């Protein structure tokens with residue numbers, strides 16, 4: 001049975017006091033409800049150490065929102081993989097559509113970041129997804145396949161033990177629009193077939209694929225009920241404990 005994962009990407013939200021208050025609430029609720037899904041939170045860099053410390057005795061894991069592909073050097077403002085692991089971070093989100101669109105991160109750069117993350121024993125939540133114009137033109141399957149191939153297909157099959165994919169239709173992030181459960185399932189099944197064609201069923205079958213794009217407590221259960229949807233990468237709804245837990249417990 002594949003892992004079920006719900007990860008909350010806080011983006012540029014929550015100072016350390018707000019973040020600690022939120023994870024205290026979440027840790028209490030996770031302990032009480034013992035959900036089926038793995039629970040992950042991804043604070044900003046300055047909050048990571050404090051959140052890791054606060055959650056050390058909980059079942060909630062902590063991810064970084066990004067990292068640099070270099071181990072060290074003259075890269076002002078950047079953070080390396082070993083800096084993350086040194087404070088107890090175990091996961092990192094790479095390739096989020098905002099990193100791709102706003103900061104120009106290419107598939108080639110993301111391949112290097114993935115290598116650096118895996119070299120530091122970080123699990124990678126690797127984001128993929130199409131723009132609205134790509135969806136309308138009918139090229140969305142090709143676009144998503146290309147992102148996977150260019151970003152990940154240089155890896156050995158064993159590396160996929162530490163890879164989680166997150167499909168985010170860019171047109172459904174922060175817009176209030178959501179891909180229908182059927183659209184999500186269609187793309188997730190396509191993604192699994194792309195991985196199967198390269199690495200075989202043993203890798204593709206156990207690979208967790210999350211859906212991201214305006215997931216809310218009200219629609220999570222229907223989306224997560226689809227065969228190839230293994231959880232969610234949550235944005236806005238991750239900033240309130242009640243909303244986030246409503247999504248986390250959608251598998252139960």
Ranked 229, 203, criterion: other C-beta atoms within 10 Å, fewest first: 203, 229
Modelled FRET efficiency - R0 45 Å, residue 101 with residue 225, Cβ distances, 0.05 increments: 0.90
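Over the range 5-251, what is the relative contact order in percent, taking alpha-carbon pairs closer than 8 angstrom and at least six residues apart?
This gives 21 percent for the range 5-251.
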Relative exposure of 167, 103, 211, judged by other C-beta atoms within 10 Å (fewest first): 103, 167, 211
Order of 114, 76, 85, 249 under a 10 Å beta carbon neighbour criterion, fewest first: 76, 85, 249, 114
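In deg cm²/dmol and to the nearest 500, what is the mean residue ellipticity at 222 nm of the chain if only DSSP H runs of at least 4 residues count, each as -39500 (n - 2.57), divided by the residue total?
-13500 deg cm²/dmol
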Centre separation in Å (Cα based) which lies between the range 1-56 and the range 179-206: 27 Å
Residue 159 versus residue 137: modelled label distance in nm, points set 7 Å from Cα along the beta carbon direction: 2.8 nm
Pairwise FRET efficiency - residue 252 versus residue 74, Cβ, R0 = 41 Å, nearest 0.05: 0.25
Computed E for residue 82/residue 3 - FRET, C-beta separation, R0 25 angstrom, nearest 0.05: 0.45
Pair residue 17, residue 201: separation of 7 Å Cα→Cβ label points (nm): 5.7 nm
Correct option for P(r) over Cα pairs in 10 Å bins from 0, in percent [calculated from the coordinates] among (1) 7, 26, 33, 17, 9, 6, 2, 0; (2) 7, 29, 39, 23, 3, 0; (3) 7, 33, 38, 19, 2: (3)
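Throughout, read-outs are computed from the coordinates displayed, never taken from laboratory work. Because the structure is predicted, anything quoted here is derived from the model rather than measured. Methodologically, a virtual Cβ is constructed for each residue, glycine included, from the backbone with ideal geometry; neighbour enumeration extends over all protein chains shown.
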